1. Report yes if some residue within the stretch 222-230 is over 22 Å from the mean Cα position of the chain (by Cα), buried (at least 24 other Cβ atoms within 10 Å of the Cβ) and more than 16 Å from the ligand (Cβ to nearest atom); otherwise report no.
2. Looking only at the stretch 195-220, count every residue that is in contact with a Lys or Arg (Cβ under 8 Å, 6 or more places away or on another chain) and not in a loop (DSSP other than H, G, I, E, B) and tell me the total.
3. When only residues in the stretch 261-284 that are surrounded by 19 or more Cβ atoms within 10 Å (Cβ to Cβ) and without any contact (Cβ under 8 Å) to a residue 60 or more places away in the chain count, which is nearest to Phe220 (Cα to Cα)?
4. May I ask you to say which residue of Leu423, Leu413, Leu427, Leu448 is within 27 Å of Gln200 (Cβ to Cβ), at pLDDT 90 or above, surrounded by 14 or more Cβ atoms within 10 Å (Cβ to Cβ) and out of contact with any Pro (no Cβ under 7 Å at 6 or more places or on another chain)?
5. Let me confirm something: among Trp133, Trp146, which residue is aromatic (Phe, Trp, Tyr), farther than 30 Å from Met192 by Cα and in contact (Cβ under 8 Å) with a residue 60 or more places away in the chain?
6. Residue under question is Gly153, and the condition is that it be away from the ligand (no atom under 14 Å from the Cβ), crowded, with 24+ Cβ neighbours inside 10 Å, closer than 24 Å to Thr115 by Cα and not hydroxyl-bearing (Ser, Thr, Tyr); does it hold?
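The values are calculated or read from the model by the stated rules, or taken from the named source; none is laboratory data. The structure presented is a predicted model; accordingly, all values stated were derived computationally and were not measured. A quick note on method: Cβ atoms are made from the backbone with ideal geometry, for glycine too, and the neighbour counts reach across all protein chains shown.
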Amino acid sequence: MNNFDPANTAQSLAVVEFSTTGFAEGVNSKRQKILSKNLELKSFAIKDFEGNKDDQEDYIANTMATYKKNLTDRSEHQLGTKADNIGYPCNLEYDYKNLNQLLCFPINNIGDPFTDGNFGIHSRPFEVGVLDWFAEFMKIEKNEYWGYVTSGGTEANHHGILTGRKMFPNGILYASKESHYSVAKAIDMFSMKWVQVETQVSGEIDYHDFKTKLLANKEFPAIVVANIGTTMKGAVDDIDLIIQTLKESGFSQNRFYIHCDGALSGIILPFMTCEEKVISFKKPIGSASISGHKFIGCPITCGILITRKDYINFHSRNIEYIAPRDATIMGSRNGHAPIFLWQALNKGGYKWIQKQVEECLKNARYLKECLSKARISAMLNEGSIIVVLERPKDEEFIRKWQLACQGNISHVLLMPHVSVEMLNTFLDELIAKRLTWYKDESILPPCLEVDIGKENCACALHKC
Ligand SMILES: *Cc1c(COP(=O)(O)O)cnc(C)c1O
C-alpha cells in the first residue's frame with residue numbers, strides 16, 4: 001500500500017482530467033495568453049467512513065494509486081508513452097528519492113533566513129547555503145546581499161517589485177508587454193502606475209519606445225522590470241542597454257530601480273558568452289529572481305530572490321511573535337524546498353549545469369533547423385532554449401505534446417530531459433499531421449510575420 005501501486009486502482013475512481021478549454025490571464029485583456037490545458041480537476045472527495053477503517057484505508061490507497069498513475073502518465077518522458085512534455089519549462093531529469101525521509105518533519109523557515117527564529121524545525125543552513133551560491137552566481141558579496149527561497153518566481157518578482165515601490169512610492173513601473181503575468185499581478189496588488197513598453201519581434205524590449213515613454217514621464221522615478229528570458233519567446237532584455245537608456249533619458253542612478261526577472265533563463269545565460277545579458281549586481285540593479293522548479297528541476301515549486309542588503313530596511317518590521325525580522329512576503333515558508341535545491345546544486349555544480357545548458361542549446365538549434373528545413377515557421381532567440389513555432393492546428397496534438405500556445409504561435413522548451421529522439425518523433429508527427437491539416441489548398445498555414453519576423457516565417461507569401 002505504501003507504494004501507491006497503480007495495479008490496485010479501482011476503475012470507478014475519478015481520473016484527473018485536462019480540459020482543452022483555454023483561459024485568459026493577465027490584467028490587460030490585450031495580452032491574453034491562452035494556454036490550452038487549463039487543469040480541470042474532478043475532486044477527490046473527503047469521505048466519512050463512520051469508523052470503518054478498512055474501507056477508509058482502501059479508499060485512500062486507491063485514490064493515491066489512481067493519482068500516481070496519472071502523474072506517471074503525464075510526466076513520463078520516455079519514448080513510446082502517451083504523453084511527452086516538451087512544452088513546459090519543468091526539468092524532469094532529477095532524482096530526489098533519498099529525501100523522502102524528510103517528509104515526516106514539518107520543516108518551516110518562517111521569516112528571515114538569516115536570523116534564528118523561535119521555531120526549531122527549520123532548514124535555514126540549507127537555505128543560506130543555496131542563497132550564498134546564487135549570490136556568488138549573480139556577482140554580489142556575501143555581506144552585501146539579502147534574499148530568500150520563495151514560493152516561486154512570482155513571489156520573488158513581487159518582492160523585487162515591492163522593494164522598488166517602497167523605495168520610490170511615486171515611481172512608475174516600466175515593463176514590456178511580453179513580461180510574465182506575475183508582473184501585472186504585482187502592479188495590481190500594490191496599486192502601482194504602469195507604463196507598458198512595446199517589444200521587438202524577438203520579444204526583447206523596444207528601447208526606442210522605452211526611451212519615449214521615460215521622457216514623457218520624466219518627473220517620476222522609474223521602476224523597471226527587465227525580462228531575462230520571456231516566457232513565450234525566451235527573449236532577453238539587455239540590462240546594459242536598459243541602464244544606458246535610463247541615463248540618456250535623464251534618470252540618474254538614484255532615480256531608478258531595476259528588478260530582473262530571470263525565472264527560466266537567469267540560470268542559463270551565465271553559462272554562455274553574452275555578458276550584457278547576464279544578471280550581475282556589479283550593474284546598478286536592485287533585485288533578481290529565478291524559479292527553482294524550472295531549469296533546476298526542484299519537485300516543489302519555489303524560487304530565489306536576491307537583493308541588496310541595504311534595501312531590506314524598506315521591508316523590515318520586527319515581529320515579537322516570530323522573533324526574526326519580517327521582510328518576506330509570506331509568513332510560514334516551505335522548509336523542504338531549500339533542501340532539494342541544495343542537493344541539486346551540490347550534486348551537479350557548475351560543470352553539470354554547463355553541460356546541460358550546452359546540450360539544451362544544441363537541441364534547440366537542431367529543432368529550429370529541422371523545422372526550417374521542413375518549411376515550418378519557427379524562431380530561436382540567441383541564447384534561448386525556447387523554439388517558437390506555428391501553432392499546430394489540432395488541439396489533440398497540442399495536448400499530447402503539452403504545448404503552450406498564444407495566438408498563432410506555440411513553443412517547445414528544450415529542457416534537459418528532452419532528447420533528440422523525442423524531437424525526431426515530434427517532428428515526424430508534426431510533419432505528417434500538417435499534410436492532413438493543410439491538404440486542402442484553401443487552408444494555409446498562418447502567416448507569422450508579426451509574431452516571429454519575415455525571415456522566420458514560412459507562409460505562402462514569405463516562404464523562407
Ligand atoms: C515562469 C515564470 C515566472 C513565474 O514563475 P513561477 O515560478 O511560475 O511563479 C516569472 N517570470 C517568467 C519570465 C516566467 O517564465
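1. yes
2. 4
3. The extreme case among them is Gly262.
4. Of the residues listed, the single one that is within 27 Å of Gln200 (Cβ to Cβ), at pLDDT 90 or above, surrounded by 14 or more Cβ atoms within 10 Å (Cβ to Cβ) and out of contact with any Pro (no Cβ under 7 Å at 6 or more places or on another chain) is Leu448.
5. Unique residue meeting the criteria: Trp133.
6. Criteria not met by Gly153.
A quick yes/no check of all residues on (1) part of a loop (DSSP other than H, G, I, E, B); (2) more than 23 Å from Glu178 (Cα to Cα); (3) charged (D, E, K, R); (4) more than 11 Å from the ligand (Cβ to nearest atom):
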{"position": "Ile258", "(1), (2), (3), (4)": "no, no, no, yes"}
{"position": "Gly266", "(1), (2), (3), (4)": "no, no, no, no"}
{"position": "Ser280", "(1), (2), (3), (4)": "yes, no, no, yes"}
{"position": "Ile285", "(1), (2), (3), (4)": "yes, no, no, yes"}
{"position": "Ala288", "(1), (2), (3), (4)": "no, no, no, yes"}
{"position": "Lys294", "(1), (2), (3), (4)": "yes, no, yes, no"}
{"position": "Ile306", "(1), (2), (3), (4)": "no, no, no, yes"}
{"position": "Asp310", "(1), (2), (3), (4)": "no, yes, yes, yes"}
